[in-house]
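Here the structure comes first, spelled out in structure tokens, and everything after it is commentary.
The values are calculated or read from the model by the stated rules, or taken from the named source; none is laboratory data. All values derive from a computational prediction rather than experimental measurement. Positions of Cβ are generated from backbone atoms using ideal geometry, with glycine treated the same way; all protein chains shown enter the neighbour counts. What goes into the accessible areas is simple: the full protein's heavy atoms, side chains included, and nothing from ligands, DNA or RNA. Shrake-Rupley method; radii C 1.70, N 1.55, O 1.52, S 1.80 Å.
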Amino acid sequence: MSVSHTPKGYHTATPYLVIKGAAAAIEFYKKVFSATEVMRMPGPEGMVMHAEIKIGDSMIMLADEFPDMGFRGPQALGGSPVGICLYFPDVDARFALSLKSG
């Protein structure tokens, strides 16, 4: 049996949002966009270490800011920090290409 390179229920590209106040953002997305909370890993003092929501057929990952780890939200950076998780069957070749390309 082969294993898929893309987790079930995910697409090839999945956004990862870093937000100051991730718990409030999740509630906002649920209210405004009918998001479904798939999972949440709580952190200290009510922070969100990692969460996953689904809007329509698309998954979005998010977490609170953790400046000590280099995770800063839009307010801290003065812009929008969005990471995209990409799923490819040839991940090692893609990783090598990304290093080669800088």
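May I ask you to list the residues in segment 34-53 that are touching a His at 6+ places or on another chain (Cβ under 9 Å) and in a strand (DSSP E or B)? Steps first, answer last, please.
Step one: filter segment 34-53 for residues touching a His at 6+ places or on another chain (Cβ under 9 Å), giving 39-41, 43.
Across segment 34-53, the qualifying residues are MET39, ARG40, MET41.
Output the number of the condition that ARG72 fails; it satisfies all remaining conditions of (1) in contact with a Ser or Thr (Cβ under 8 Å, 6 or more places away or on another chain); (2) more than 14 Å from PRO15 (Cβ to Cβ); (3) among the basic types (Lys, Arg).
Answer for ARG72: the failing condition is (1).
Take HIS11 and decide whether it is over 16 Å from the mean Cα position of the chain (by Cα) and under 21 Å from VAL91 (Cβ atoms). Reasoning before the result, please.
Details: over 16 Å from the mean Cα position of the chain (by Cα): no; under 21 Å from VAL91 (Cβ atoms): yes.
No: the conditions fail for HIS11.
For segment 70-96: of the residues being of a type in the set (A, V, I, L, M) and modelled with pLDDT under 85, which is surrounded by the fewest Cβ atoms within 10 Å (Cβ to Cβ)? Steps first, answer last, please.
The first filter runs over segment 70-96 and keeps only residues of a type in the set (A, V, I, L, M), leaving 76-77, 82, 84, 86, 91, 93, 96.
Adding the requirement that they be modelled with pLDDT under 85 leaves 76-77, 82, 84, 86.
Details: ALA76: 13, LEU77: 11, VAL82: 11, ILE84: 9, LEU86: 13.
Residue satisfying both the conditions and the ranking: ILE84.
Among residues belonging to segment 10-34 that are modelled with pLDDT under 90 and hydrophobic (A, V, I, L, M, F, W, C), point out the one that is least open to solvent (accessible area, probe 1.4 Å).
ALA13
I need a count of the residues in segment 35-46 that are modelled with pLDDT of 95 or more and surrounded by 14 or more Cβ atoms within 10 Å (Cβ to Cβ).
1
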